[in-house]
Amino acid sequence: MHELSLCQSIAGIVRTHAAGRPVARVHVQVGHLRQVVPDTLAWCWTWSTDGSDLAGSVLDIEEVPVAVHCPTCDAHTVLHEPAFRCGSCGSTGVRVTAGEELLVTSLELQER
Ligand SMILES: [Zn+2]
């Protein structure tokens with residue numbers, strides 16, 4: 001499952017940064033181009049961390065919309081539909097600048 005392998009890579013990042021300290025909450029940014037279903041990702045997190053050192057931690061998912069940059073007119077456009085064109089001049093020669101993220105943005109550690 002796509003989400004399960006994502007959870008495993010997130011868990012790897014979290015363990016590196018937590019360095020053995022208990023984790024309460026994990027904030028992640030997931031780009032729309034990743035085609036991740038947030039509810040499925042959250043469920044996978046609970047399931048795959050159950051019984052591990054990360055059991056009980058909450059995955060807090062922020063979805064990042066797709067954004068593109070147009071080299072023709074230098075406009076930045078946030079896309080709400082799957083049409084990869086510049087929102088300013090209509091050029092399709094745009095570069096994706098957001099939407100492919102899978103970032104662990106912060107951790108909240110438990111008080112001991
Ligand atoms: Zn443009």
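All of the numbers you see were taken from the coordinates with simple rules; none came from a lab. Since we're looking at a predicted model, the values are computed, not measured. Using ideal geometry, Cβ is built from the backbone for each residue, glycine included, and neighbour counts are taken over all protein chains shown.
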What are the extents of the Cα atoms of region 1-48 along their three principal axes, in Å, largest first? 31, 20, 16
Relative contact order for the chain: what is it in percent, counting Cα pairs under 8 Å that are at least 6 residues apart? 35
DSSP bridge orientation in the chain - percent antiparallel, rounded to nearest 5: 65
So how far, in whole Å, is the C-alpha centre of region 1-18 from the one of region 75-98? 31
So who's got an amide H within less than 5 Å of the one on L79, skipping anything under 5 residues away but keeping other chains? H placed 1.01 Å off N, in plane. V66, A67, V68
Rounded to whole Hz, the Karplus (6.51, -1.76, 1.60) HN-Hα couplings of region 6-18, x for glycine and proline: 5, 4, 5, 6, 4, 4, x, 5, 4, 4, 4, 7, 6
Tell me the Kirkwood radius of region 26-83: reciprocal of the mean inverse pair distance over distinct alpha-carbon atoms, in Å. 13.5
Rank H69, T49, A83 by how far each Cα sits towards the positive end of the charge dipole of the chain (+1 on Lys, Arg Cβ; -1 on Asp, Glu Cβ) and give me just the farthest. H69
Kirkwood-Stokes translational diffusion coefficient of region 47-112, alpha-carbon pairs, 10 °C, 1.306 mPa s, µm²/s: 108
Long-range amide H partners of L59 with built H, under 5 Å: V26
What share of Cα pairs, in percent, lie more than 26 angstrom apart in the chain? 33
Only Lys, Arg, Asp and Glu count, each charged at its Cβ (+1, +1, -1, -1), so figure out the dipole size of the chain about its Cα centre, rounded to 20 debye. 240
